Structures are given as C-alpha cells and as structure tokens.
Amino acid sequence: MVADGRKNILVVDDNIDVRRLLKKVLEIAGYDVSEAVDGEDALRSVEGRVPDLILMDIRLPGQLNGLETTCRLKDDARMQRVPIVALTANVLERDRQQALAAGCSGFIAKPVDISTLPGLVETFITRGAMAPR
C-alpha cells in the first residue's frame with residue numbers, strides 16, 4: 001500500500017494496449033498501478049515494493065511465462081499473501097487449473113470486462129491470496 005492509502009496493483013502484460021487500458025480503468029477506480037512487460041521485469045518490480053495484487057498475463061515472452069513467474073514470486077516469503085490473478089484468453093478448465101496450481105488466486109478471462117474489473121480486483125484484495133473454492 002502506498003503512503004496515501006491507495007492500494008497498488010502490478011499489471012504484468014507484454015501488450016502495451018492491455019497495460020494502458022487496465023492502468024486507466026484501475027487508476028480511475030482509485031488504485032495506484034505499476035507495470036511490467038515480462039516475467040523478469042515483474043520480479044524486478046517487486047524487489048523494492050510489494051504490491052497489493054498482481055494481474056499476471058499467462059503468455060509472456062522471454063525466459064519466464066506467467067505461470068513460471070507466479071511460481072517464482074510465490075517462492076518469495078514477502079509475496080505469500082499477495083493475490084496473483086491470471087489474465088489469459090485461454091479459458092479452458094485445464095488452463096484455470098494450471099494457473100491455480102502455479103499459485104494464482106484466481107483467473108480473469110481476456111478480453112477483460114472493464115466494467116467489472118475494479119470490483120473483481122477489490123474482491124481478490126479483500127480475500128487475499130486464498131484460492132477460490
């Protein structure tokens with residue numbers, strides 16, 4: 001959480017248009033939003049500041065995809081209580097199960113419904129890193 005009390009959301013997505021849209025919607029809803037373009041960038045981003053929630057694209061370029069990045073983040077004791085929510089166009093049950101197995105607290109399908117996004121984010125923050133039942 002930042003000094004002014006606003007919750008911080010880290011958006012991890014290689015698509016600049018997706019990052020801009022999510023950032024705009026979440027900032028309007030009162031969140032402080034930081035961005036990362038890939039898994040390595042996400043790991044660097046949390047070194048100095050632990051976010052209140054991470055929105056994680058599953059298909060990321062580079063050495064670490066979103067699931068691998070989630071596993072690495074969850075290996076960090078500081079990140080244990082931070083909900084990581086998978087963002088992906090792959091909406092099969094198998095994909096959902098893989099995201100949950102990697103440590104994600106939930107799953108949001110792309111394209112993201114921006115009218116419901118702020119409420120979903122608040123629900124995940126309130127619930128914490130617990131996986132849905």
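The values are calculated or read from the model by the stated rules, or taken from the named source; none is laboratory data. This one's a predicted model, so the numbers in the text were calculated from it and none came from an experiment. FYI the Cβ positions are ideal-geometry reconstructions off the backbone, even for glycines, and counts take in every protein chain you see.
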Quick one: what pairs do we get from region 69-81, first residue in a loop (DSSP other than H, G, I, E, B), second surrounded by 16 or more Cβ atoms within 10 Å (Cβ to Cβ) and of a type in the set (K, R), C-beta under 9 Å, 6+ apart or different chains?
Q80/K74
T70 is checked against (1) surrounded by fewer than 21 Cβ atoms within 10 Å (Cβ to Cβ); (2) in contact with a helix residue (DSSP H, G or I) (Cβ under 7 Å, 6 or more places away or on another chain) and fails just one. What number does that condition carry?
(1)
For residues that are at pLDDT 95 or above and part of a loop (DSSP other than H, G, I, E, B), scanning just region 19-55, find the one that is surrounded by the fewest Cβ atoms within 10 Å (Cβ to Cβ).
G30
Since A77 meets every condition but one in (1) over 19 Å from N15 (Cβ atoms); (2) touching a strand residue (DSSP E or B) at 6+ places or on another chain (Cβ under 9 Å); (3) hydrophobic (A, V, I, L, M, F, W, C), which condition does it not meet?
(2)
Residue in region 10-18 that is assigned to a helix (DSSP H, G or I), free of Cβ contacts under 8 Å to residues at least 40 places away in the same chain and in contact with a strand residue (DSSP E or B) (Cβ under 6 Å, 6 or more places away or on another chain) present
no
I need the full set of residues from region 82-111 which are in contact with a strand residue (DSSP E or B) (Cβ under 9 Å, 6 or more places away or on another chain), of a type in the set (A, V, I, L, M, F, W, C) and assigned to a loop (DSSP other than H, G, I, E, B), in order please.
V82, A89, V91, C104
More than 23 Å from I28 (Cβ to Cβ) and of a type in the set (A, V, I, L, M) - does that describe any residue in region 102-115?
yes
Scan region 89-100 for residues that are touching a residue at least 24 places away in the same chain (Cβ under 8 Å) and under 22 Å from T126 (Cα atoms) and jot them down.
A99, L100
Can you name the residue in region 80-112 that is over 15 Å from the mean Cα position of the chain (by Cα) and among the charged types (D, E, K, R) and is also nearest to L55 (Cα to Cα) among such residues?
D95
Selection count, region 101-126, where residues are modelled with pLDDT under 90 and loosely packed, with under 15 Cβ neighbours inside 10 Å:
1
